[in-house]
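Working notes, beginning with the structure itself.
The values are calculated or read from the model by the stated rules, or taken from the named source; none is laboratory data. Computed from a predicted model, the values in this text were never measured in an experiment. Methodologically, a virtual Cβ is constructed for each residue, glycine included, from the backbone with ideal geometry; neighbour enumeration extends over all protein chains shown. Quick note on the areas: whole protein, heavy atoms, side chains included, nothing else; ligands and nucleic acids left out. Shrake-Rupley method; radii C 1.70, N 1.55, O 1.52, S 1.80 Å.
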Amino acid sequence: MASEIANAKDGLGTLIGNISSVRQVFDYAPDGVQEFPSMVLLFQGRDTEQTLGGSTFRGTIRGTLLVSSTATKEAFDSLDEYMEPLGTNSIEAAIDADTTWGSNVDTGRLITIENVGFREVGGGRYAAADFVFAFVKGVAT
């Protein structure tokens with residue numbers, strides 16, 4: 001059986017990793033982060049629709065972007081660049097460039113950005129924001 005969830009995270013991670021300024025993309029919760037900016041992608045859940053000959057499921061992935069371990073205006077200015085709808089550091093633009101996430105999902109997109117501020121991860125405190133992504137994937141039974 002294919003690992004559809006892992007494949008979706010890998011495809012999304014590749015698109016985010018293609019943003020030249022992003023240093024690391026994790027598909028698990030790391031003990032700590034040493035390079036910034038870094039994205040931590042965690043699967044949040046799914047639901048299923050049964051169809052003839054298979055099923056389609058919708059999944060949600062939360063990506064936490066950590067840009068700095070210091071509380072400076074520059075850290076939040078940098079975070080703003082990733083939250084913009086367009087631009088070289090725009091996460092939304094990177095995702096919109098390939099809505100199949102490298103052919104790993106039928107369609108995927110950014111649905112919201114939330115929790116902008118500070119985040120505790122692996123014992124560190126970071127300037128961060130959560131990017132919530134949704135995808136749809138059909139699977140054969």
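Limited to region 118-141, what total is found for residues that are under 25 Å from Ala75 (Cβ atoms) and out of contact with any helix residue (DSSP H, G or I) (no Cβ under 9 Å at 6 or more places or on another chain)?
Here the count works out to 10.
Based on this model, can you work out whether Ile61 counts as at pLDDT 95 or above, in contact with a Lys or Arg (Cβ under 9 Å, 6 or more places away or on another chain) and under 15 Å from Val136 (Cα atoms)?
Yes, satisfied.
Can you name every residue in region 15-26 that is within 9 Å of the chain's Cα centre (by Cα) and without any contact (Cβ under 8 Å) to a residue 60 or more places away in the chain?
Once the filter is applied, which keeps residues that are within 9 Å of the chain's Cα centre (by Cα) and without any contact (Cβ under 8 Å) to a residue 60 or more places away in the chain, region 15-26 yields only Val25.
Keeping to region 118-135, report how many residues are assigned to a strand (DSSP E or B) and open to solvent by 50 Å² or more (accessible area, probe 1.4 Å).
Number satisfying all stated conditions: 3.
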